[in-house]
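Below you'll find the structure, written out as structure tokens, and then a few comments.
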Amino acid sequence: ITWLSSQTYSDILYETAEGIAKITINRPERRNAFRPETVSQLIDAFHRAHHDNAIGAIILTGAGDEAFCAGGDQKVRGDEGYIDEGGTPHLNVLDLQMQIRRCPKPVVAMVAGYAIGGGHVLHLVCDLTIAGDNARFGQTGPRVGSFDAGLGAGLMARTIGMKRAKEIWLLCRQYDATTALDWGLINAVVPVDQLEAETVTWCRQMLQLSPMALRMIKAGFNADTDGLAGIQELAGNATGLFYMSEEGQEGRNAWLERRAPDFGKYRKRP
Ligand code: 2NE
């Protein structure tokens, strides 16, 4: 696959090919830990992929083989959060987590090396995770004075079960790729030199499927966990489908033509 770089950022790479967007955290000297600028660039890149009609699947990854992401950049962590270049503290990775869940296109985490701390939660919120055989997973929050008691706790428990999720958070151990696969934390493990090829194969397979069906089923998987906001996403998709129907269009047409709508011709389906 030949990636085309179509946008320049300082902390991430944004590349596309064959209907796939690849978003790469590009701070390998810090094990791809994110600072506020990294997160805002990721939000911009996901927005770009979300709104690009040519894109049907998104890969989130980290530069190099050492790490997917080592979480929040502890070197810019001030007393009130992660400090941006203007001096303002942030924790806005939570916005990114929700954006990945609300994105109507499948997002695949491609994990080589460490997925740790907030970086571990990032792979967790992706729809699928493909790991290299050198991948290592874990949370460090209680060791470094942090925690993600939102999706980091609840979604993890829904994914792998309460006892294992609590073990990950309460002991702060690291787990290898085979264990993560065994626990249902990830979808597949491949030799790290085959990681991108395998991930692209999965994306190509999804690109053969109905984008609307993928969109609806993703929203359905997230709806109960995300509460009313999740139902809103699912319901918004239903509204979109209704807009595409003649029955939905009759309401719009009648209003525009200043006449009463004629819904009588539409079946009252059982
Ligand atoms: C990731 C890990 C296990 C890798 O270990 P290793 O031995 O392969 O590498 P090393 O030497 O520790 O790290 C290489 C370079 O990357 C930097 C290191 O400082 C080092 O650079 P130098 O100091 O040699 O110049 N680096 C690695 N992780 C970094 C980080 N998170 N921030 C800044 N620099 C980092 C090992 O490095 C590790 O355990 N890293 C820390 C993981 C961690 O605790 N992350 C924060 C969790 S809290 C969080 O992410 C969070 C949250 O809980 C809630 C909301 C938002 C975020």
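The values are calculated or read from the model by the stated rules, or taken from the named source; none is laboratory data. Predicted, not measured: the structure shown is a model, and the values here were computed from it. Glycine gets a Cβ as well: all are built from the backbone with ideal geometry, and neighbour counts include every protein chain shown. Note: accessible area is taken over every heavy atom of the protein model, side chains too, but ligands, DNA and RNA are not part of it. Shrake-Rupley method; radii C 1.70, N 1.55, O 1.52, S 1.80 Å.
Residues in region 123-169 that are under 21 Å from A219 (Cβ atoms) and not in a helix (DSSP H, G or I) were compared, and the one that is nearest to the ligand (Cβ to nearest atom) is G150. In region 127-146, the qualifying residues are those that are among the hydrophobic types (A, V, I, L, M, F, W, C) and open to solvent by 10 Å² or more (accessible area, probe 1.4 Å), and the one that is farthest from the chain's Cα centre (by Cα) is V144. Note on region 214-270: among residues that are among the aromatic types (F, W, Y) and part of a helix (DSSP H, G or I), the one that is most open to solvent (accessible area, probe 1.4 Å) is W255. Of all residue pairs spaced 6 or more apart or on separate chains, those with beta-carbon atoms under 6 Å, a first member in region 145-159 that is over 16 Å from G119 (Cβ atoms) and a second member that is away from the ligand (no atom under 11 Å from the Cβ) and small (G, A, S) are A157/A165. Just to be sure, is G64 within 12 Å of the ligand (Cβ to nearest atom), outside any helix (DSSP H, G or I) and farther than 26 Å from N222 by Cα? Yes: the conditions hold for G64. Kindly indicate whether any position in region 85-99 is within 11 Å of the ligand (Cβ to nearest atom), on the phi < 0 side of the Ramachandran plot and in contact with a strand residue (DSSP E or B) (Cβ under 6 Å, 6 or more places away or on another chain). Checked region 85-99: at least one residue is within 11 Å of the ligand (Cβ to nearest atom), on the phi < 0 side of the Ramachandran plot and in contact with a strand residue (DSSP E or B) (Cβ under 6 Å, 6 or more places away or on another chain). For region 94-122, which positions are under 22 Å from A135 (Cα atoms) and either of a type in the set (S, T, Y) or part of a helix (DSSP H, G or I) (or both)? Listed by number, the residues that qualify are Q97, I100, Y114, G118, G119, H120, V121, L122.
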